[in-house]
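The values are calculated or read from the model by the stated rules, or taken from the named source; none is laboratory data. Since the structure is predicted, the reported quantities are computational estimates derived from the model, not experimental observations. In this analysis, Cβ positions are derived from the backbone assuming ideal geometry, glycine residues included, and neighbour counts consider all displayed protein chains. For the accessible areas, the whole protein counts, side chains as well, though only heavy atoms, and no ligand, DNA or RNA atoms are used. Shrake-Rupley method; radii C 1.70, N 1.55, O 1.52, S 1.80 Å.
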Amino acid sequence: MKRESFGSRFGALVAMAGSAVGLGNLWRFPYLVGENGGAAFIIVYILLSFLICLPIFVSEFVIGRRSQKNAYAAFRDLSGGSAWKWIGLVTVIVPLIVLSYYSVIGGWSVEYLLKSITFSFTGTDTLSSMKTMFTDFVSSPWIPLLMHTVFMLVSTLIVMVGIKDGIEKFSKVMMPLLFFMVLAIAIYSLTLPGAGKGVDYLFNPDFSKIDGKACAAALGQAFFSLSLGFGTILTYASYVDKKENIMFQSTATAVSDLMFALIAGVAIMPAVFAFGLNPQSGPGLVFETLPYVFSQMPAGGIVAIVFFVALLVAALTSSISMLEVAVAYLVEEKKFSRTGACAVLFAVCWVVGALCSLSFGPLADFKIAGRSIFDFFDNLSSNVLMTLGSLMTVLFVGWRLKKTDIYDEFTNGGTLSANAKIFGVLWFLIRYVCPLAIIAIFVSGLI
Ligand code: PFF
C-alpha cells in the first residue's frame, strides 16, 4: 500500500507549525519573557532557537524524510538495524505520555470554552472567586474526566481520518484562524487603558536578568515549543515530499512558532496589566487571571470565547501530532489498521490521562517520587525524556549517519545551492555545539 503523505507545501508547513504552536506559546512563553528580562530574554531565546534548536529540528527532519518511516523504523533502518531502534521506540512512547496529560489540559480548555459561551465569568467578579471556580472544577472527579474524554476523542478522530484529509486539512483551516484570533486579541488588548505596563513587562530589556538559569529556561522552552525530541517532527517529516526544501520548512516553522509566542504575549500581558494584576504562568494564567480579566473588560464575553477557541485549536493541532507518532508506528510495524491503532491509543492515553486528571482531586495524595501523577509525567517527559530524545537525535545524525547522506538529503541531492553553502556550519552545530548545549542545560536544570 502506498504510504500517505502531505498534499502540499503549505499543508506540511501548517501541520508542523500546528504541532509547534500550542499551550507552550500561549501560557508559558509570555510569562517567561516577563520574568527573565523582557526583550533581553527574547534576544537570547531567538539566538538559542536558531543556533541550537533549528539544527536539532533539521536533524529530525532529515531522519524522517530520508527514511520515510515511523520514528522506530527510521532509527532502525538508517542505522542498519542496530540498538538505535530503541531510541526510536522511546520517541514513540514519550509523545504518548505527553499527550495523556496535554489532553487533560485540552479538556480544561473545552470546559472553559463552554463556560465562556454561557457567559459564566460575567458576574464572577473577583480574582479569588475565579481561583475558587478553577480549583473546584479541577478537583471534581467527573467533569474534568468527561472533558478529557471529549478532547482525546476529537484528537483521535482527526488522526483517524488520515494525514491528508485529517491532520493536513484540519491544520490548513485552523492555523490561519488561530493566527487571526490571537492577532485580534492582541490588537484589542493594546487599546486598553494601562496596556503600556504590560508592553513594558514584555519588551523592556533587562540584561542583568540574563544568567545561566535564564538561558536554561529559554532553551527548555524553545525545545518544548518546537516539539523537539518527541518524534513528532520526524514523523511529520516522513510525509513531506522529497522535492521540498528542508531548511526552508524548518526555518518557516521556527519563525511561525516565535511569531505566535510573541503575539500571544502581546495579547495577554497588556490586558493583565491593564487590570492591575500580576502575571502568573501556566494554568493559573489562562484559567484564573485571564477569565477575571475577561469578566472586567468591555466586550470581555466575546474576547473570552475567541481566546478559548484559540487555546483549544492550539492544543488540538499539537495533540494530533503527538498521536500520529504512535499511530504511524502501530500501522507500519504492528500491521494495525489506522482505525484500530487510533482506538488502542485512545484507550491508552485515556487511562493515563484519567489518572493525571484525578491527581488534581481524588488522587491528590497519591505521589510518585514526591510528585502528583500529573507533575510526575510532566516532569519526566518534558525535562528528562525530551532532552534525551533531542540529544540522541543530534548524536545519531552527527555521529552515526554518513555525512554524505545528510548532505544529500539536506540539499536534495546537491540541487539546492543555498543549502549546500550553509551545510558546513549546520554540520558543525549538529556535531559539536548542539550535544554540548543540551548536556549543559540538562545539568543546569539538575543543580
Ligand atoms: N509544541 C507544543 C507546545 O508548545 O505546546 C507542545 C508539543 C507538541 C510537545 C508536540 C511535543 C509534541 F510532540
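Odds and ends about this structure:
- Among (1) open to solvent by 10 Å² or more (accessible area, probe 1.4 Å); (2) touching a residue at least 60 places away in the same chain (Cβ under 8 Å) - the single one M386 does not satisfy: (1)
- Listed by first and then second residue, the pairs linking a residue in the range 419-431 that is farther than 15 Å from F57 by Cα and small (G, A, S) to a residue that is in a helix (DSSP H, G or I) and at pLDDT 95 or above, with Cβ atoms under 8 Å apart and 6 or more places separating them unless they lie on different chains, are A420/Y407.
- Listed here are the helices (runs of 4 or more DSSP H) enclosed by the range 389-447 that have at least 1 residues being hydroxyl-bearing (S, T, Y) and open to solvent by 70 Å² or more (accessible area, probe 1.4 Å): 403-410, 417-428.
- Scanning the range 261-270 for residues that are within 12 Å of the ligand (Cβ to nearest atom) and within 16 Å of I43 (Cα to Cα) yields a total of 1.
- Close pairs from the range 232-246: first of a type in the set (D, E), partner open to solvent by 10 Å² or more (accessible area, probe 1.4 Å), Cβ under 7 Å, at least 6 apart: D241/S5; E244/R9
- Where M322 falls short, out of the listed (1) within 16 Å of the ligand (Cβ to nearest atom); (2) open to solvent by 10 Å² or more (accessible area, probe 1.4 Å); (3) under 19 Å from M259 (Cα atoms): (3)
- Members of the range 21-72 that are touching a Gly at 6+ places or on another chain (Cβ under 6 Å) and either acidic (D, E) or more than 30 Å from P291 (Cα to Cα) (or both): A71, Y72
- Against the test of being surrounded by fewer than 23 Cβ atoms within 10 Å (Cβ to Cβ) and over 18 Å from the mean Cα position of the chain (by Cα), the options F75, F10, F50 yield a single qualifying residue, F10.
- Consider the range 160-171 and keep the residues that are in contact with a helix residue (DSSP H, G or I) (Cβ under 9 Å, 6 or more places away or on another chain) and either among the acidic types (D, E) or more than 18 Å from S8 (Cα to Cα) (or both). The one that is surrounded by the fewest Cβ atoms within 10 Å (Cβ to Cβ) is M160.
- Single condition A267 does not satisfy, out of (1) closer than 20 Å to I105 by Cβ; (2) out of contact with any Ser or Thr (no Cβ under 8 Å at 6 or more places or on another chain); (3) buried (at least 23 other Cβ atoms within 10 Å of the Cβ): (2)
- Of the criteria (1) part of a helix (DSSP H, G or I); (2) farther than 25 Å from L178 by Cβ; (3) not hydroxyl-bearing (S, T, Y), which one V306 fails: (2)
- Verdict on S227 being free of Cβ contacts under 8 Å to residues at least 24 places away in the same chain and not in a helix (DSSP H, G or I): no
- Options G353, G361, G370, G340; residue that is farther than 30 Å from F134 by Cβ and either open to solvent by less than 70 Å² (accessible area, probe 1.4 Å) or in contact with a Pro (Cβ under 9 Å, 6 or more places away or on another chain) (or both): G340
- Close pairs (6 angstrom Cβ cut-off, 6 or more residues apart or separate chains): without any contact (Cβ under 8 Å) to a residue 40 or more places away in the chain in the range 316-330, aromatic (F, W, Y) and open to solvent by 10 Å² or more (accessible area, probe 1.4 Å) anywhere: L330/F336
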